[in-house]
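Just below is one structure, and these are the notes that go with it.
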Amino acid sequence: MFLRVQSDWFIYLEIVYFIIAIAVAVRIIYDTDSISKTLSYLLLVFFVPIFGMIFYFSFGINYRKRKMYSKKLKVNDEYSNKLTKRLSDIHLNQKQQGNAVIERNSSFIKMLSSATMGDGPLLTNNKAEILENGEEFFPRLLEDLRAAKNTIHIEYYIYENNEIGKQIEEVLIQKAKEGVKVRFIYDDFGCKSIRKNIVRNLRANGIEAFAFNEIILLAFANRMNYRNHRKIVVIDGRIAYTGGINISDRYDNRKKDSNEYFWRDTHMRIEGSGAYGLQYIFLADWNFCSKQDLAFNEEYFPILENEEIGEVPLQVISSGPDSDVPSILYSVLKAIQTADKEICITTPYYIPDESLQLAIKMASLSGKKVKMILPGITDSNIVKWASESYFQELLEFGVEIYLYKKGFIHAKTFVTDSGISSIGTCNLDHRSFDLNFEVNVVVYDESFAKKMKSMFDRDCKDSIKLELHRWNKRSWKQRLKNSFIRLFSPLL
């Protein structure tokens, strides 16, 4: 009798679970835009009972359609309108005429201006410098921070409590004592090592510091999922930095004791109106995470018309759960499409959606040379296996894949022979395009593009080129592992 009652309960539980699973499946189908992501979540729900549902409700809900970022969207819009008026007032587009790169990429510029908000306009009077690795970036940053006169705005995904982190902390505190207004946004997950030390010290010395998406228990998984991956510094509204380098000793190859291996990365320094785009992103993020209503102040966007800075045109573009469209993904797709003969891409994480993989294959079929540098040494085997699952078809279509062997390559860049270059924080994966808050800078300048291409060629020399006939010889176990992980690649 007891066994029969137990059996009945199991049947009831199975029926209840089946009904719930169907309801969750309907929600997944209704709420998820990507077909591949929809199928991955459905696989989890039906083949990994209970865990699959928990995973979906923790990490799968599309907050582009939810209220979580409604306040941030309002902040973005308000600042966008004010910045557009400011840019109009100071006539930043006067130097566009006669620039061959701008003229042949006018549709590219128009697309990004339409796809983005206040950070999309073409900003023309700039000096733009490429900084390789932490050993070039950190000294320049410290020098500019020490020279700040009015404001320092910093926003970082990873800031660690080590030597460079403490050096920057000391400079920020000193500048605050001198009367410079310092504001600091840190990602609560990526910067967990500084919550109880550096953040407290900054606040104790009059510096405002706020976590972006502070992680609290009830919203732990969702807040873990939507991270602020941006790296932004804006000084006095006229000098700005962004790129792949976080505040950590491991990015500085002079500190060999701190590094497990050579760390290859790319950052950039902008002096001029390009700082406005990064300033806009920072201020919108600031009002969101601080819950303040920091007014639009012309001091944050100083007039630079009469200064001889440079004439490098660029656009600052951002994307994230607060974006209407994945504008950074669009910029990569458009760059592949508009390249004349060659596009060179560097990324540490390659887990593409269907559109990106298809665009690369079509470009190669069209006779364009597509070259990609990816890590040969990785910090995530699962991501490595997922990336490898896409290599076969790329190699069959003639794409050149180089695996960087000197160390770990963390740069996120591309350069085309049409004079377009990009440096930023965005990886070529689902997480960066859909979930993370990211920022990239697109530069329209032949000289800058030549420097980017030279850097890419040097990195190729430190890489091993994959050959299709050798790749075909990998073991069946490796093929099976790649194929299995690929099923879940949209969720990584």
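Couplings 3J(HN,Hα) of segment 192-200, computed from phi: 4, 6, 10, 4, 9, 10, 4, 4, 5 Hz, in residue order, whole Hz [Karplus 6.51 cos²θ - 1.76 cosθ + 1.60, θ = phi - 60°; x for Gly and Pro]. For the set Lys384/Lys451; Lys341/Lys461; Lys175/Lys450, the pairs lying more than 27 angstrom apart at their alpha carbons are Lys384/Lys451; Lys175/Lys450. The stretch between Glu170 and Ile377 holds 71.1 nm of extra length on full extension. This uses 0.36 nm per residue minus the Cα-Cα distance.
Rounded to whole numbers, the Karplus 3J(HN,Hα) couplings from phi for segment 360-374 are 5, 5, 5, 4, 5, 5, 7, x, 7, 8, 10, 10, 9, 10, 10 Hz, using 6.51 cos²θ - 1.76 cosθ + 1.60 with θ = phi - 60°, and x at Gly and Pro. Averaged over its residues, segment 125-210 has an accessible area of 41 Å² per residue, based on protein heavy atoms and a 1.4 Å probe.
Rounded to the nearest Hz, the phi-derived 3J(HN,Hα) couplings of segment 164-174 under the Karplus curve 6.51 cos²θ - 1.76 cosθ + 1.60 (θ = phi - 60°) are 5, x, 6, 4, 5, 4, 4, 5, 4, 5, 5, where x marks glycine and proline.
The values are calculated or read from the model by the stated rules, or taken from the named source; none is laboratory data. Source: prediction; values computed, not measured. Keep in mind that these areas ignore ligands, DNA and RNA; they rest on the heavy atoms of the full protein, side chains included. Shrake-Rupley method; radii C 1.70, N 1.55, O 1.52, S 1.80 Å.
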